[in-house]
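Below is one structure, written out as structure tokens; comments come after it.
The values are calculated or read from the model by the stated rules, or taken from the named source; none is laboratory data. It should be emphasised that the depicted structure is a prediction, and the values quoted were computed from it without experimental measurement. Glycine gets a Cβ as well: all are built from the backbone with ideal geometry, and neighbour counts include every protein chain shown.
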Amino acid sequence: MNNEIIYKIKKITIDELLKYHNPNVVYNYCKQCPDYNKFWSCPVFNFSEKEYIKKYTYAYIISAKLYTKEAHSNNDESQNDINLYYNSLRKIFDKKLLELEKNYENTVSLFAGRCYICEKCSKILNKPCIHPEYMRYSLESLGIEVTKIVEDILNDKILWSQYSKQEYILLVGALLSKHNIALNHTNIFK
């Protein structure tokens with residue numbers, strides 16, 4: 001990937017984050033996914049998502065944006081290229097989030113979408129997660145309306161590829177923390 005990744009980070013309180021907690025709306029979208037309830041990182045959970053979030057005090061909303069040269073073409077090959085960009089960006093982004101989590105006590109990272117650690121999740125076999133040390137939830141899997149957060153908090157927009165040509169890929173994750181930590185885009189993603 002030769003393109004530059006543009007990172008953004010915004011600190012909000014957990015109370016502010018919970019204003020975007022709308023599991024009834026979000027989980028209706030989740031239910032439309034062919035992989036619904038097939039990953040440990042995705043609903044349905046055996047715990048309260050809201051209580052999971054409320055264990056923390058701050059949410060650092062983090063985005064990674066990558067402009068794609070395929071924005072002006074509309075064919076299968078360009079969609080394959082966008083998928084390659086997305087998968088590469090997810091690997092970089094997930095790794096950075098886990099590094100951040102490791103560097104700060106009492107924090108947990110939230111990935112930008114479902115977990116990709118295992119090729120096949122053990123949930124479909126009704127077995128426990130085999131890599132709980134790496135598996136992370138996402139904002140949306142915890143019932144958070146990510147599209148609204150992107151617009152309201154990050155002043156950006158998620159482009160959905162089925163509706164328009166994808167000018168860029170935007171991933172949104174978070175770091176939840178029990179403490180106020182000094183994070184900014186220059187000291188996080190070097």
Handout entry: Residue tally, condition under 15 Å from residue 60 (Cβ atoms) and either part of a helix (DSSP H, G or I) or among the aliphatic types (A, V, I, L, M) (or both), over region 82-105
Key = 9
Handout entry: residue 118 being at pLDDT 95 or above, of a type outside the set (Ser, Thr, Tyr) and over 20 Å from residue 25 (Cβ atoms)
Key = no
Exercise for the section: Could you list, in sequence order, all residues of region 171-184 that are in a loop (DSSP other than H, G, I, E, B) and either of a type in the set (Gly, Ala, Ser) or at pLDDT below 85 (or both)? Expected result: 182, 183, 184
Problem - Condition check for residue 20: of a type in the set (Ser, Thr, Tyr) and under 30 Å from residue 119 (Cβ atoms) - result: no
Completion exercise
Those residues of region 124-139 that are surrounded by fewer than 17 Cβ atoms within 10 Å (Cβ to Cβ) and closer than 27 Å to residue 61 by Cβ come to a total of 4
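So that you can scan it fast, the table gives a plain yes or no per residue for (1) polar (S, T, N, Q); (2) surrounded by fewer than 18 Cβ atoms within 10 Å (Cβ to Cβ); (3) under 18 Å from residue 111 (Cα atoms):
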{"site": "25", "(1), (2), (3)": "no, yes, no"}
{"site": "31", "(1), (2), (3)": "no, yes, no"}
{"site": "34", "(1), (2), (3)": "no, yes, no"}
{"site": "43", "(1), (2), (3)": "no, no, yes"}
{"site": "50", "(1), (2), (3)": "no, yes, yes"}
Exercise for the section: Show the residue pairs that are 6+ apart or on different chains and have beta-carbon atoms under 7 Å apart, the first residue being within region 114-140 and within 15 Å of residue 35 (Cβ to Cβ), the second being among the β-branched types (Val, Ile, Thr) and assigned to a helix (DSSP H, G or I). Expected result: 140/26; 140/146
Practice task
Take the residues in region 121-150 that are out of contact with any Ser or Thr (no Cβ under 7 Å at 6 or more places or on another chain) and of a type in the set (Gly, Ala, Ser), then tell me which one is nearest to residue 28 (Cα to Cα).
Solution key: 143
Practice task
Could you run through region 80-94 and say how many residues are under 12 Å from residue 168 (Cα atoms) and of a type in the set (A, V, I, L, M, F, W, C)?
Solution key: 2
Exercise for the section: Give the residues of region 131-170 that are among the hydrophobic types (A, V, I, L, M, F, W, C) and either in a loop (DSSP other than H, G, I, E, B) or modelled with pLDDT of 95 or more (or both), sorted by residue number. Expected result: 135, 139, 142, 144, 146, 149, 150, 153, 154, 158, 159, 160
Handout entry: The one condition in (1) modelled with pLDDT of 90 or more; (2) within 20 Å of residue 5 (Cβ to Cβ) that residue 49 fails to fulfil
Key = (2)
Exercise for the section: For region 102-114, indicate whether the set of residues that are more than 16 Å from residue 10 (Cβ to Cβ) and modelled with pLDDT under 90 is non-empty. Expected result: no
Exercise for the section: Go through region 103-138 and count every residue that is more than 15 Å from the chain's Cα centre (by Cα) and under 24 Å from residue 65 (Cβ atoms). Expected result: 3
Exercise for the section: Would you check which residues across region 1-25 are assigned to a helix (DSSP H, G or I) and either modelled with pLDDT under 95 or over 12 Å from residue 174 (Cα atoms) (or both) and list them? Expected result: 15, 16, 18, 23, 24, 25
